[in-house]
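The values are calculated or read from the model by the stated rules, or taken from the named source; none is laboratory data. Here the structure is a predicted model, which means the values were calculated and not measured. Glycine also receives a Cβ, built like all others from the backbone with ideal geometry; neighbour counts cover every protein chain displayed.
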Amino acid sequence: MAQASNGPGQLPTEAELTRAGLRLAVDGQVARITISRPERRNAMTGRTWTTLAHIGQTLPADVRIVVLAGEGDIFSAGIDLNMFTPEGVDGERSMVAGILDGTSTKADVEAYIAGLQEGFLWLRRPDLVTVAAVRGHAIGAGFQLALSCDLRILADDANFCMKEPALGLVPDLTGTKPLVDIVGVHRAVEICLTARRVGAQEARELGLAELVVPADELSAAVDDVVAALLATDAEAAAATKALLQQAAGNTLGEQAEAERRAQVGRLTALARTMSS
Ligand code: ACO
C-alpha cells in the first residue's frame, strides 16, 4: 500500500520520518532533526539519507538554523551494518544485492550513492547554518554527517571514528573534504586509516569541534549558539557564509573581488531600507 505523503514540495510525513529513523521539529526559523533508532544505536540506512535530502528540499523558506542530534546518549553508530547483507534492512534494498546478483551496473551503484550523498550536501547551503549536537559515538556515516554541518558542538563524552576503511570501504558520504579541510591530509590519513576514536577534547584541539561542554549542558549550549546565530541579519549571514565557503578555493585577488561584489549587494540592500 502506498505511504501517505504530504505531496511534492512538502516535508516528509510522520510515517516517512519514522521509517527513516528520523524526527523533525520545525519551530519558526529553527529546524531540529533527530536521528532516532535507539534500539540500533541510531544506525542509519539509505532511507535515512534520502529522507534527509527530502527535508532539505522542503524546509520552509524562513528556516535559518538546522540542528542535528541523536536520540539519547549517542549521535549515531553509522550505517546500519545490515545494509551490507544481501537481505538489507526492513524492505530496503541492500547496498550489495545488485552487485551480487549482477542486476546493478557500476553506474547504477554510483547513481545510488549520489542519491545518498544528497542527504549530506544540502547541509552546506549558504542560507542555512547547520549545527551538529554530538553526544557519545559518531561513527562512520555519523561522523560524516557531523562533518557536513557548519558547526559541531560536542558533549565531553563524544567521540568521532571514521570506521569505513576498517570495514573495507571508503568514506563516501561527503566527509573526506571537510575532514581534510579541517585537520589537513596527514592527520586525516591517520584518523581514517587507523579508524581510531577521536575524543571530544582532541576533536576540539583539531578544530573538529567548535565547543565542548559537559553532557548535561549540551542542549543549553546549543540553544545559546542558535540564539546568537539568529541575532545576525539573515541575508548578511547567508552572504558571509557564501564568501567564507569560497575562500579556500580562491586566490587572494579572487576573494577580494568576491568580497567587493558581495558588499555591493549588501550596501544596495541597506540603501533600499534607508530610502523606504
Ligand atoms: N548497524 C546495525 N546495528 C547496530 C549498529 C549498526 N551500525 N550499531 C549497533 N547496532 C545494534 C547492535 O547490533 C545491538 O543490537 P542487538 O541489541 O539486537 O544485539 C544494538 O544496536 C546495541 O549495540 P551494542 O553494540 O550492544 O551497543 P554498545 O553501546 O555496546 O556499542 C557501538 C555501541 C560502539 C556504536 C557499537 O554498537 C558499534 O561499534 N557498532 C557498529 C559501528 C559501525 O561499525 N558502524 C559502521 C561504520 S561505517 C559507516 O557508517 C559507513
Selection from region 237-258 of residues that are exposed (fewer than 14 other Cβ atoms within 10 Å of the Cβ) and either at pLDDT below 95 or not polar (S, T, N, Q) (or both)
Leu244, Ala247, Ala248, Gly249, Leu252, Gly253, Glu254, Ala256, Glu257
Being away from the ligand (no atom under 16 Å from the Cβ) and more than 16 Å from the chain's Cα centre (by Cα) narrows it down to one of Pro38, Pro12, so name that one.
Pro12
Are any of the residues in region 91-110 under 17 Å from Ile35 (Cβ atoms), surrounded by 21 or more Cβ atoms within 10 Å (Cβ to Cβ) and touching a residue at least 24 places away in the same chain (Cβ under 8 Å)?
no
Take the residues in region 81-95 that are within 15 Å of the ligand (Cβ to nearest atom) and touching a Gly at 6+ places or on another chain (Cβ under 9 Å), then tell me which one is nearest to Gly115 (Cα to Cα).
Met95
Of the conditions (1) out of contact with any strand residue (DSSP E or B) (no Cβ under 8 Å at 6 or more places or on another chain); (2) closer than 26 Å to Ala166 by Cα; (3) at pLDDT below 95; (4) not basic (Lys, Arg), Glu39 fails just one. Which one is it?
(3)
If only one of Leu59, Leu100, Leu81, Leu24 is over 13 Å from the mean Cα position of the chain (by Cα) and modelled with pLDDT under 95, which one is it?
Leu100
Inspect all residues belonging to region 213-229 and state whether any of them is crowded, with 16+ Cβ neighbours inside 10 Å, modelled with pLDDT of 95 or more and not in a helix (DSSP H, G or I).
yes
Given the structure, is Gly168 surrounded by fewer than 16 Cβ atoms within 10 Å (Cβ to Cβ), within 16 Å of the ligand (Cβ to nearest atom), of a type in the set (Gly, Ala, Ser) and in contact (Cβ under 8 Å) with a residue 12 or more places away in the chain?
no
I'd like the full set of residues that are in contact with a helix residue (DSSP H, G or I) (Cβ under 7 Å, 6 or more places away or on another chain) and closer than 14 Å to Val134 by Cβ, limited to region 25-34.
Ile33
When you scan region 190-212, do you find a residue that is within 20 Å of Ile113 (Cβ to Cβ) and within 15 Å of the ligand (Cβ to nearest atom), even just one?
yes
Could you grab me the full set of residues in region 26-45 that are in a strand (DSSP E or B) and more than 16 Å from Leu230 (Cβ to Cβ)?
Ile33, Thr34, Ile35, Met44
Filter result for the condition that a residue is without any contact (Cβ under 8 Å) to a residue 60 or more places away in the chain and either under 29 Å from Gly28 (Cα atoms) or under 21 Å from the mean Cα position of the chain (by Cα) (or both), over Ala195, Ala234
Ala195
